[in-house]
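The values are calculated or read from the model by the stated rules, or taken from the named source; none is laboratory data. The structure displayed is predicted, hence computed values, not measured ones. Every residue, glycine as well, gets a Cβ built from its backbone with ideal geometry; the counts of neighbours run over all protein chains shown. Keep in mind that these areas ignore ligands, DNA and RNA; they rest on the heavy atoms of the full protein, side chains included. Shrake-Rupley method; radii C 1.70, N 1.55, O 1.52, S 1.80 Å.
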There are 2 protein chains.
Amino acid sequence: MAKVTVQERIQSENERVAAANRAAFAKARVLVLNLVSSPGSGKTTLLEGTLDRLPAAGIRSLVIEGDVSTDRDLERVRARGGEGVQINTGGGCHLSAQMVADALGRLDLRAADVVFIENVGNLICPSTYDLGEDAKVVLLSTAEGDDKPMKYPAVFHESSLAVLNKIDLLPHLPYDIAKVEREIAVLNPRCEVLRVSALKGDGMDLWLSWIAARLAAKRSK
Amino acid sequence: MAKVTVQERIQSENERVAAANRAAFAKARVLVLNLVSSPGSGKTTLLEGTLDRLPAAGIRSLVIEGDVSTDRDLERVRARGGEGVQINTGGGCHLSAQMVADALGRLDLRAADVVFIENVGNLICPSTYDLGEDAKVVLLSTAEGDDKPMKYPAVFHESSLAVLNKIDLLPHLPYDIAKVEREIAVLNPRCEVLRVSALKGDGMDLWLSWIAARLAAKRSK
């Protein structure tokens with residue numbers, strides 16, 4: 001069927017470019033994290049809190065911002081002293097390896113230890129597009145409800161870490177966080193889980209430690 | 001380019017089937033609402049509260065549930081006495097007119113005044129797929145942040161109503177609801193806006209009135 005053939009061709013081309021991105025990241029010895037979530041789960045707020053804390057850890061960073069429209073998220077990154085580039089997909093529901101490759105032409109990877117790629121707000125489409133990252137990090141907001149992992153399984157299969165964000169709202173929500181953690185463990189036992197409030201700061205030390213450990217592991221290879 | 005041609009062919013075929021759905025809905029004199037939002041904005045909770053209230057208004061309903069995976073949402077609908085069918089898209093990020101056409105074979109439209117179609121949790125993909133509905137209703141959860149309309153403009157262009165859900169969380173969030181309403185008005189002046197807490201019940205009377213008015217308008221034609 002034509003649709004499958006075109007889809008396969010798109011995926012195959014994406015994998016080729018992702019491999020080239022991965023080689024460029026390896027050469028520059030940068031850790032690359034692909035942040036994926038629904039709209040409004042707190043990816044940009046997590047980045048803001050991360051940018052506030054990375055300098056004290058001696059870690060330099062760059063940000064690639066992906067959005068359907070606007071450069072609001074890159075403005076927020078810059079307001080925290082971060083540097084990066086904005087990609088607008090038009091109507092596209094995910095970043096592609098080629099979009100990241102194009103962005104790399106506008107970034108000096110030698111100025112970074114970690115590159116954060118904030119994907120388009122979407123819990124489905126980004127899961128099947130490799131960008132050349134070292135790890136996918138999926139965010140879930142507690143306000144999204146505790147039934148999401150099994151309803152959107154693909155991204156959890158692909159992620160190395162799940163950040164359960166907005167735990168400051170737990171007193172105001174019907175939400176069983178242990179159930180969410182159990183479902184993630186069933187879908188992907190290798191996916192670590194952190195409980196975080198990017199807005200209030202809870203758990204941010206664990207997130208920073210996770211980044212530092214992944215960076216050290218990559219550079220020790 | 002092959003990709004565009006295939007995409008155009010998919011859209012054209014979708015429009016043909018959507019028109020057939022619309023004719024079937026018109027013949028049955030049912031109002032059809034296509035509910036669209038990010039994962040976890042509260043579409044199913046809104047339906048639960050709606051199913052609790054519709055009988056008192058003398059309005060009969062059916063539900064078509066769209067999800068990537070699981071039939072959890074249909075189970076919730078049935079627990080409230082609702083009837084309907086579940087569509088699982090596999091990895092697909094939106095319902096198509098054909099999926100709805102297939103579902104119609106399992107529904108008796110004569111038993112309904114209103115059909116609710118709960119689309120896949122996704123703020124991007126469903127906006128460009130007509131299912132044959134009378135109106136798209138977009139939900140936004142306050143917990144998603146007040147910057148969403150401009151970042152995801154397409155669905156607001158297409159929607160007749162925006163439900164700002166989870167207003168019970170407003171005391172606990174940095175959220176400017178008037179800003180959200182202004183942005184929606186800029187994107188689509190004809191899009192009405194309701195402030196709702198589907199969980200707590202606030203604004204549900206306005207939502208029920210909106211449904212009843214749309215139903216009466218359709219039947220007066």
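Remarks
- Percent carbon-and-sulfur accessible area, the protein assembly as shown, ignoring ligands, DNA and RNA, probe 1.4 Å: 52
- Calculated [222 nm] ellipticity per residue, helices only, for chain B: -12500 deg cm²/dmol; basis is -39500 (n - 2.57) per DSSP H run with n ≥ 4, divided by all residues, nearest 500.
- Cα gyration tensor of the protein assembly as shown - equivalent ellipsoid semi-axes, whole Å, descending: 38, 24, 19
- Rounded to the nearest whole angstrom, the semi-axes of the ellipsoid equivalent to segment A:114-221, taken from the Cα gyration tensor as √(5λ), stand at 22, 17, 13, largest first.
- A convex hull fitted to the Cα coordinates of segment B:5-89 yields 107 cubic angstrom per residue.
- Computed from point charges on the beta carbon alone (+1 for Lys and Arg, -1 for Asp and Glu), the dipole magnitude for segment A:2-220 about its Cα centre is near 480 Debye.
- Most to least packed among A:53-64, B:33-44 [average Cβ atoms within 10 Å]: B:33-44, A:53-64
- From most to least packed by mean Cβ count within 10 Å, the peptides B:24-32, A:12-20 give B:24-32, A:12-20.
- Remark: mean inter-chain Cβ contacts per residue of A:144-154 equal 6, using a 10 Å Cβ-Cβ cutoff to other protein chain atoms.
- Disulfide-incompatible cysteines by the Cβ rule (no partner under 4.7 Å) in chain A: A:Cys191
- In segment B:1-73, a dipole from Cβ-located charges (positive for Lys and Arg, negative for Asp and Glu) runs towards its positive end, and of B:Ala23, B:Leu54, B:Ser41 it is B:Ala23 whose Cα lies farthest in that direction.
- Take every Cα pair under 8 Å whose residues are at least 6 apart in sequence, average their separation, divide by the length of chain B, and the relative contact order is 25 percent.
- Vicinal HN-Hα couplings computed from phi for segment B:206-221 (Karplus, 6.51 cos²θ - 1.76 cosθ + 1.60; Hz; Gly/Pro x): 5, 5, 5, 5, 4, 4, 4, 5, 5, 5, 4, 5, 5, 7, 7, 6
- From the largest down, segment B:2-220 spans 49, 45, 37 angstrom on the principal axes of its Cα atoms.
- Among the residues of A:171-177, the average count of other protein chain beta-carbon atoms within 10 Å of the residue beta-carbon is 2.
- Anisotropy class of segment A:70-148 from Cα gyration tensor, a/c 1.5 cut: prolate
- 3J(HN,Hα) from dihedral phi, segment A:103-109, Karplus parametrisation 6.51/-1.76/1.60, rounded to Hz, x for glycine, proline: 5, 4, x, 10, 10, 9, 5
- Normalised by 2.2 N^0.38 Å, where N counts its residues, the alpha-carbon radius of gyration of segment A:11-58 equals 1.51.
- Global geometry of segment B:163-221, whether rounded, prolate or oblate, following the gyration tensor of its Cα atoms and the 1.5 cut on a/c: oblate
- The mean number of partner chain beta-carbon atoms within 10 angstrom of a residue's beta-carbon across peptide B:114-125 is 4.
- Taking all protein chains into account, the per residue accessible area for segment B:2-220 stands at 39 Å² (1.4 Å probe).
- Accessible area buried between chains A and B, both sides summed, probe 1.4 Å, in Å² to nearest 100: 2900
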